[in-house]
Number of protein chains: 2
Amino acid sequence: MHRLRNALDRLLGYATTLVAAMVIAACASSGGNTSVAPASSPQAMPAAAAVLPSWREGRSRDMIIRFVNDVTREGSPSYVPAAERIAVFDNDGTLWSEQPLYFQFVFMLDEVKAAAPKHPEWRNNPAFRALAAHDQAALAGQHKELMKLIAVANSGMTVDEYDSAIRAWLASAKHPRFGRPYTELVYQPQLELLAYLRANGFKTYIVSGGTIEFMRVFAQRVYGIPPEQVIGSSQIVKYEMRDGKPALVREPKIDFVDDGPGKPVGIYRNIGRRPLLAFGNSDGDLQMLQYTAAQPGPHLALIVHHDDAAREFAYDRQSKVGKLDKAWDEALAKGWIVVSMKDDWNVIYPPARDSSVFSGACGCIAKGEQQ
Amino acid sequence: MHRLRNALDRLLGYATTLVAAMVIAACASSGGNTSVAPASSPQAMPAAAAVLPSWREGRSRDMIIRFVNDVTREGSPSYVPAAERIAVFDNDGTLWSEQPLYFQFVFMLDEVKAAAPKHPEWRNNPAFRALAAHDQAALAGQHKELMKLIAVANSGMTVDEYDSAIRAWLASAKHPRFGRPYTELVYQPQLELLAYLRANGFKTYIVSGGTIEFMRVFAQRVYGIPPEQVIGSSQIVKYEMRDGKPALVREPKIDFVDDGPGKPVGIYRNIGRRPLLAFGNSDGDLQMLQYTAAQPGPHLALIVHHDDAAREFAYDRQSKVGKLDKAWDEALAKGWIVVSMKDDWNVIYPPARDSSVFSGACGCIAKGEQQ
């Protein structure tokens, strides 16, 4: 069990010291605070002719457009055939928000609560009692015990059953500050960038520390990124017969941690080509950015800097979630693009929707042909 | 070292008792026997209008065409949107030959010989001496020691360096019986099937027990399958700085064995959708075929039966390489398509080429847009 805990710490664990934040998030997802109105002005989708309308004029936008023009113009010394145009994006903090806690972690905690009726023995478990009571002080001493509960509650089922649980959660859970479904807290400028890249022959990938199954259920509808282009951390799944039918069952054991030095490895393992463009926001993206930026051919490395407390959140070197420190220094030293949410983006989130993407029939937010 | 040996046994290890065969192959790749002429008649590429011209009229061909028509015809009850049309193919024995020994294994043995000058200590190693002398009797007792040499010779370098070694080998090595480069010993009917599926909106994947890097170097040119659609076994690779540059370095440790029950897991991990069509040839493909065939929606499960000793090889239930036993029984019980190489294919290999695919500029054998 000790090894299991360690493994879970690694998986969740670009967040190992977040017990306090967990309580906040757990309370919030239980309806503790949904009063804050959307901070951004709704904005119409870009007209066909407009390029990156939610990006303000400036160096960031200019460099992106120049780069795309260079690699797509036949005869250009930087020309790259379409088949080799790979763009990789971190997810948490790069494509959607990640504060006050990784959204997936909120889900996994909610799964503990949802599993409680099947586990009467938890009634006397101090970690579960602290979680259920939103008792931050008590929970602070129960980190390891809580990780065990998370492992139990998020394993043992088939991958199809787990997918259904994720979908159900995304259809109802709301963000504590913005009161919107988590799938709406994606960045409108990034949706436009993904679509713009795809329109220019790029294949767009997510390369995230989060787990593949959590992102895959919404990546197609929200980002226009199909499941096979979602690279992430994973638990071991095991093939077995259940009720006479083949099933893939989730084991409480880590398979792969797609974070930090794991990201270039995940890219190699799943794509086998070096990306032309990499976009991240934290130190967990440093190696992916280095790997992309070190190639002799054309490339673009970008970082989102969360400097907009009014419209989203402001955090960097000192943050427990999405810490940006070493990667920021390297970006400055090497001339990578540091995108200021405050200055470079004229809108943060897409317009509010009438219903969750999981309530409607399709509800694709992102336009642009899937690639 | 014991664990390493076991891991290697697993990786190579849909072939753990093949020392005798190794010697044959090792001798052969050293030029021991290249006198046998190609057994198949060259055949022109299909005309644009013809569908699967190297497939003879019959149940196998009919069922494939009917299936593709059904899932692609809008309004059909079996219609499947293009984004969900996934087809998976085993490689060894399904897309190219695998006798007398998996071609990748021949390469890995040749790497041991190539690495010898850097390892003077091997001069007195009994396994190396037996390999170098093609001494089958001596080698038979050195299985574990040989696995150690293979691990050393195929690890420690960057993935780019290893790719170069694979390319160089594929450019020069020839098959012992047919005297042709290994990349020409692909099945012409399957090249046509891959192209036909892609022309009908399918995304074609390889799902193989072989390792990703070995297949990726030729899958695009030979099969029209890009690197990101090659799923296979893998060694651990580690991100590190070499000469101040980011590098991915091969560790002598298994990451994932994509064989048997590992195949549905690999499909889940890399694609995240259940394939509509799965094509294999051995018991190592059984679970992939079960997983594909168990879905309620439209699907097609196929097996190549190697029953053509004259033009290729004849083997099934008793073979050490590519054993087809349980999967055959299940195919017969469940009505999966068992393709007879002898009866269903009017040609086995594509026409001989003037030079290896690795000598020419492009030399794509497979036509059809990549997808």
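The values are calculated or read from the model by the stated rules, or taken from the named source; none is laboratory data. Everything quoted here is computed from the prediction, not taken from an experiment. Here the Cβ is made from the backbone with ideal geometry for all residues, glycine too, and neighbour counts use every protein chain on show.
Taking the condition of being more than 8 Å from chain B (Cβ to nearest Cβ) and either more than 23 Å from residue A:90 (Cβ to Cβ) or of a type in the set (Ser, Thr, Tyr) (or both), how many residues in region A:241-265 meet it?
10
Picking from B:87, B:115, which residue would you name as being under 28 Å from residue B:181 (Cβ atoms), assigned to a strand (DSSP E or B) and under 26 Å from the mean Cα position of the chain (by Cα)?
Of the residues listed, the single one that is under 28 Å from residue B:181 (Cβ atoms), assigned to a strand (DSSP E or B) and under 26 Å from the mean Cα position of the chain (by Cα) is B:87.
With respect to residue B:272, determine if the residue is at pLDDT 95 or above, surrounded by 22 or more Cβ atoms within 10 Å (Cβ to Cβ) and not in a loop (DSSP other than H, G, I, E, B). Quick ask: steps written out before the conclusion?
On the way: at pLDDT 95 or above: yes; surrounded by 22 or more Cβ atoms within 10 Å (Cβ to Cβ): yes; not in a loop (DSSP other than H, G, I, E, B): no.
So residue B:272 does not fit the description; no.
Are any residues in region B:90-100 hydrophobic (A, V, I, L, M, F, W, C) and surrounded by fewer than 24 Cβ atoms within 10 Å (Cβ to Cβ), and if so, which ones?
B:96
Just one of (1) within 11 Å of chain B (Cβ to nearest Cβ); (2) surrounded by 22 or more Cβ atoms within 10 Å (Cβ to Cβ) trips up residue A:238, so point out which.
(2)
When you scan region B:199-213, how many residues do you find that are of a type in the set (A, V, I, L, M, F, W, C) and either within 11 Å of chain A (Cβ to nearest Cβ) or in a strand (DSSP E or B) (or both)? Spell out how you get there, then give the answer.
From region B:199-213, those of a type in the set (A, V, I, L, M, F, W, C) are B:199, B:202, B:206-207, B:212; that's our starting set.
When the remaining residues are screened for being either within 11 Å of chain A (Cβ to nearest Cβ) or in a strand (DSSP E or B) (or both), the result is B:206-207, B:212.
Result for region B:199-213: 3.
Restricting to region B:73-84, name every residue that is in contact with a Phe, Trp or Tyr (Cβ under 9 Å, 6 or more places away or on another chain) and outside any loop (DSSP other than H, G, I, E, B).
At the first step, the residues of region B:73-84 found to be in contact with a Phe, Trp or Tyr (Cβ under 9 Å, 6 or more places away or on another chain) are B:73, B:78, B:82.
Result: B:82, single match.
Any idea how many residues of region B:319-340 are without any contact (Cβ under 8 Å) to a residue 40 or more places away in the chain and over 20 Å from the mean Cα position of the chain (by Cα)?
Here the count works out to 4.
From A:259, A:285, which residue is in contact with a strand residue (DSSP E or B) (Cβ under 7 Å, 6 or more places away or on another chain), crowded, with 22+ Cβ neighbours inside 10 Å and not in a strand (DSSP E or B)?
Values: A:285 fails: in contact with a strand residue (DSSP E or B) (Cβ under 7 Å, 6 or more places away or on another chain).
Sole residue among the options that is in contact with a strand residue (DSSP E or B) (Cβ under 7 Å, 6 or more places away or on another chain), crowded, with 22+ Cβ neighbours inside 10 Å and not in a strand (DSSP E or B): A:259.
Kindly indicate the residue of region A:136-176 that is assigned to a loop (DSSP other than H, G, I, E, B) and of a type in the set (A, V, I, L, M, F, W, C) and also farthest from the chain's Cα centre (by Cα) among those meeting that condition.
Of all residues in region A:136-176, those assigned to a loop (DSSP other than H, G, I, E, B) come to A:141-142, A:154-157, A:173, A:175-176.
Of the ones still in play, those that are also of a type in the set (A, V, I, L, M, F, W, C) are A:157, A:173.
Numbers: A:157: 23, A:173: 16 Å.
Ranking the candidates gives A:157 first.
Filter region B:298-345 down to the residues that are touching a Phe, Trp or Tyr at 6+ places or on another chain (Cβ under 9 Å) and among the small types (Gly, Ala, Ser), then identify the one that is nearest to residue B:77 (Cα to Cα).
Result: B:301.
Restricting to region B:276-298, count the residues that are more than 9 Å from chain A (Cβ to nearest Cβ) and under 18 Å from the mean Cα position of the chain (by Cα).
Of the residues in region B:276-298, 12 are more than 9 Å from chain A (Cβ to nearest Cβ) and under 18 Å from the mean Cα position of the chain (by Cα).
Out of A:273, A:269, I need the residue that is within 16 Å of residue B:246 (Cβ to Cβ), facing chain B (nearest Cβ under 10 Å), without any contact (Cβ under 8 Å) to a residue 40 or more places away in the chain and basic (Lys, Arg). Which one? Even if it seems obvious, please write down each step before you answer.
Details: A:273 fails: without any contact (Cβ under 8 Å) to a residue 40 or more places away in the chain.
When all the criteria are applied, what remains is A:269.
Quick test for you: out of B:127, B:133, pick the one residue that is free of Cβ contacts under 8 Å to residues at least 60 places away in the same chain and buried (at least 20 other Cβ atoms within 10 Å of the Cβ).
Numbers: B:133 fails: buried (at least 20 other Cβ atoms within 10 Å of the Cβ).
Step by step, each of B:127, B:133 is checked, and only B:127 is free of Cβ contacts under 8 Å to residues at least 60 places away in the same chain and buried (at least 20 other Cβ atoms within 10 Å of the Cβ).
For region B:288-310, which residues satisfy the criterion of being touching a residue at least 40 places away in the same chain (Cβ under 8 Å), surrounded by 17 or more Cβ atoms within 10 Å (Cβ to Cβ) and not in a helix (DSSP H, G or I)?
Across region B:288-310, the qualifying residues are B:300, B:302, B:304, B:306, B:308.
Of all residues in region B:190-211, how many are closer than 30 Å to residue B:66 by Cα, surrounded by 24 or more Cβ atoms within 10 Å (Cβ to Cβ) and touching an Asp or Glu at 6+ places or on another chain (Cβ under 7 Å)?
Within region B:190-211, residues that are closer than 30 Å to residue B:66 by Cα, surrounded by 24 or more Cβ atoms within 10 Å (Cβ to Cβ) and touching an Asp or Glu at 6+ places or on another chain (Cβ under 7 Å) number 3.
Looking at B:104, B:99, can you tell me which residue is closer than 24 Å to residue B:55 by Cβ and more than 14 Å from chain A (Cβ to nearest Cβ)? First the steps, then the outcome.
Numbers: B:104 fails: closer than 24 Å to residue B:55 by Cβ.
Exactly one residue qualifies, and that residue is B:99.
Given the options B:214, B:279, name the one that is touching a strand residue (DSSP E or B) at 6+ places or on another chain (Cβ under 7 Å) and either closer than 28 Å to residue B:325 by Cβ or buried (at least 21 other Cβ atoms within 10 Å of the Cβ) (or both).
On the way: B:214 fails: touching a strand residue (DSSP E or B) at 6+ places or on another chain (Cβ under 7 Å).
Every option except B:279 fails the conditions.
Could you list, in sequence order, the residues of region B:325-345 that are assigned to a helix (DSSP H, G or I), touching a strand residue (DSSP E or B) at 6+ places or on another chain (Cβ under 8 Å) and of a type in the set (Gly, Ala, Ser)?
If the condition is that a residue be assigned to a helix (DSSP H, G or I), touching a strand residue (DSSP E or B) at 6+ places or on another chain (Cβ under 8 Å) and of a type in the set (Gly, Ala, Ser), then B:327, B:331 are the ones that fit.
Being more than 8 Å from chain A (Cβ to nearest Cβ) and of a type in the set (D, E, K, R) is the filter here; which residues of region B:214-235 pass it?
Listed by number, the list holds a single entry, B:221.
Please give the number of the condition residue B:171 fails out of (1) surrounded by fewer than 23 Cβ atoms within 10 Å (Cβ to Cβ); (2) at pLDDT below 95; (3) more than 12 Å from chain A (Cβ to nearest Cβ).
Residue B:171 satisfies all of (1) surrounded by fewer than 23 Cβ atoms within 10 Å (Cβ to Cβ); (2) at pLDDT below 95; (3) more than 12 Å from chain A (Cβ to nearest Cβ) except (2).
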